[in-house]
Amino acid sequence: MASSTKDVEAPPTLDAPLLGSAAPRSRLRVAAVSLSVMAFLLVAIAAAVLYYNPGGVASNLMRLRENDYPWTNDMLRWQRTGFHFQPEKNFQADPNAAMFYKGWYHFFYQYNPTGVAWDYTISWGHAVSKDLLHWNYLPMALRPDHWYDRKGVWSGYSTLLPDGRIVVLYTGGTKELVQVQNLAVPVNLSDPLLLEWKKSHVNPILVPPPGIEDHDFRDPFPVWYNESDSRWHVVIGSKDPEHYGIVLIYTTKDFVNFTLLPNILHSTKQPVGMLECVDLFPVATTDSRANQALDMTTMRPGPGLKYVLKASMDDERHDYYALGSFDLDSFTFTPDDETIDVGVGLRYDWGKFYASKTFYDQEKHRRVLWGYVGEVDSKRDDALKGWASLQNIPRTILFDTKTKSNLILWPVEEVESLRTINKNFNSIPLYPGSTYQLDVGEATQLDIVAEFEVDEKAIEATAEADVTYNCSTSGGAANRGVLGPFGLLVLANQELSEQTATYFYVSRGIDGNLRTHFCQDELRSSKAGAITKRVVGSTVPVLHGETWALRILVDHSIVESFAQRGRAVATSRVYPTEAIYSSARVFLFNNATDAIVTAKTVNVWHMNSTYNHVFPGLVAP
């Protein structure tokens, strides 16, 4: 993946309180007085700076404007996560080349060794783990130290060959920012840590072909191995002159000599732009195999299979996927429904999540998904912290055999090993416009599993269609409807002036059937101003007889939420100023106007930290 300034969306302007519409007059008077006091304090600060630092007023007032919240060290320290992967310092981005080898899970990731933002020193960090949770940092694997990757070691993929060798293909940026593909291999295959890597003397192995722009050719992925002729098929993302995303196909026997096929794997049906970090893999559609992932590299298309084509959209910075069929003879992917093709339909995650990649875990026969979760605060705040960006909790991917229209994404089972103290709540009635505090103590590292039921009488009485609701334009949890919103408030302070809401909003469609929106509201997540705050989400299928189900992983400045056991996912980065440490709370809420909602079951676990550290005897990156 290449750098972009389009990593965040413009925040909505609405900022209403959860259960009210206007502040009382007394609060308005207090606010006016507070503003006057604040203005006086700013003048006093400026005067003090002038006295102690003559000539420095302009630079210090500029700092106040750029960083409008007075973060303390304790606040910034709190933002670092307890059980998500992140380096000890600096910036990380795309996950790359994950694999299981000689008893270790290996994880490579874009890493800036000198700063807290993406730049042309981008390299590959490297870490190993026994369980995908407790990580040991290793020395950097690849650095930009040749002419073909002088402007960075960008994204790539690792492949374990049938003879036991390992190859890594990655995109490098030349001095002129031409995107070229390169080969690297481990120096010592007997080393389970794969500490040393060497780049091929014939690099670059691929350059942009005719008709492809120099800056639209990246993220190589060896996708399928033909045992009959020992030939690999490698796909690379791009776009055509009309701005349609395309996936190029090359074949190779030795990862040095390549042939470009005349056809393409897929061309998007809409002009969605550059396709980054392309992925293609099969999923089983029959109940007998649905709980087990499949290895794409040797799997031949057949009955009981669908294929997933995924791409990261460079134009809008989201990860889309499409379900469809794969023809091995023509090596083409065809979506089941062109209206929900890659770039316009389904997403892995409706929140902050990008440049994802899967790998097939042959140890546990599962497909594991990683994605990079960037910051939405200011670059200055990141500099104060000394680090930026996270990886999501690894997720498994399966086909939803109930809806037959989407994938199921779910945290890897190892996450449950971090659970400690548990609190269970049952049959809690939530009346319209109410909240209910869950007494769980400090609420900064949690795993929450909840199920809700809506009063059947209220559902039956709701006859009018409501087709205009949309998470991103709704105004969030403060916007009331007959059957919602209802859900949970996490990382909330006692007064609810700070909170992140994860909720359902239920309404009727034109066809008379219920439609459920799954949303995550960041608008009140922080009192700090220089932060992008949005409402994210989408509709999610809720089948007849099912409850409304949520799972939420809370880990300081990241909230990962899963609706209907993984049919839809939303990830948010949040930066509370008050709802931190022992002041963080969790609430149930129902902001519907007419319906009584029952929290049928709520299980809350506190989560242990993973305490990632440098591998003993080695040096940190």
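Just so it is clear, none of the values below were taken in a lab; they were calculated from the coordinates. Note that this is a predicted model, so its numbers are computed, not measured. Please note: Cβ atoms are built from the backbone with ideal geometry, for glycine as well, and neighbour counts cover all protein chains shown.
Just a few scattered comments:
- Hz values of 3J(HN,Hα) by residue in region 240-257 - Karplus curve (6.51, -1.76, 1.60), Gly and Pro given as x: 9, x, 8, 6, 8, x, 9, 10, 7, 10, 10, 10, 7, 9, 10, 6, 10, 9
- Taken one residue at a time, the phi angles of region 441-450 give Karplus couplings (6.51, -1.76, 1.60, θ = phi - 60°) of x, 4, 10, 9, 9, 9, 10, 10, 10, 9 Hz. Gly and Pro are set to x.
- Segment residue 609-residue 420, extension gain: residue separation times 0.36 nm, minus the distance between their alpha carbons: 67.0 nm
- Range of Cα positions in region 94-207 per principal axis (Å), largest first: 41, 35, 17
- Computing Rg and the Kirkwood Rh from the Cα coordinates of region 418-607 gives a ratio, Rg/Rh, of 0.95.
- Relative contact order for region 94-207, counting Cα pairs under 8 Å that sit 6 or more residues apart, in percent: 19 percent
- Simple Cβ-charge dipole of the chain, Lys/Arg +1 and Asp/Glu -1, about Cα centre, in debye nearest 20: 1120 debye
- Acute angle (nearest 10 degrees) that the helix 57-66 long axis makes with the longest principal axis of the chain, alpha-carbon atoms: 80 degrees
- For the chain, averaging the sequence separation of C-alpha pairs within contact (under 8 Å, six or more residues apart) and dividing by the residue count gives a relative contact order of 15 percent.
- The helix-only estimate of mean residue ellipticity at 222 nm for the chain, built from DSSP H runs of length n ≥ 4 each weighted as -39500 (n - 2.57), is -3000 deg cm²/dmol after division by the residue total.
- Within the chain, antiparallel bridges make up roughly 95 percent of the DSSP beta bridges whose residues both belong there.
- Residues 268, 601, 539 in ascending order of nearby Cβ atoms (within 10 Å, fewest first): 601, 539, 268.
- Charged-residue dipole, Cβ positions (Lys, Arg, Asp, Glu), region 94-207 about Cα centre, Debye nearest 20: 120 debye
- Extending 7 Å from the Cα toward the beta-carbon at both residue 289 and residue 362 defines two label points whose distance is 1.8 nm.
- Region 558-621: chymotrypsin sites (Phe, Trp or Tyr not before Pro) in DSSP coil with no more than 15 other Cβ atoms inside 10 Å: 611
- The alpha carbons of region 564-619 give a radius of gyration and a Dmax of 18.5, 63 Å, in that order.
- Cysteines in the chain lacking a second Cys C-beta under 4.7 Å: 277
- Taking the fewest neighbouring Cβ atoms within 10 Å as the starting point, the ordered list for 404, 306 is 404, 306.
- Coupling constants for region 213-219 follow from the phi torsions by the Karplus curve (6.51 cos²θ - 1.76 cosθ + 1.60, θ = phi - 60°), and in residue order they are 5, 4, 9, 10, 8, 7, 6 Hz; glycine and proline get x.
- C-alpha long axis of helix 25-52 to longest principal axis of the chain, angle in °: 60 degrees
- Cα centroid separation - region 468-504 against region 359-389, whole Å: 26 Å
- Cα centroid separation, region 198-257 to region 420-453 (Å): 50 Å
- Burial ordering of 232, 124, fewest other beta-carbon atoms within 10 Å first: 232, 124
- Taking 18 Å as the straight-line reach from the Cα of residue 533, the lysines in range (excluding those fewer than 8 positions away in the same chain) are 6, 352, 379.
- With all projection directions averaged, the alpha carbon convex hull of region 369-432 covers 9.1 nm².
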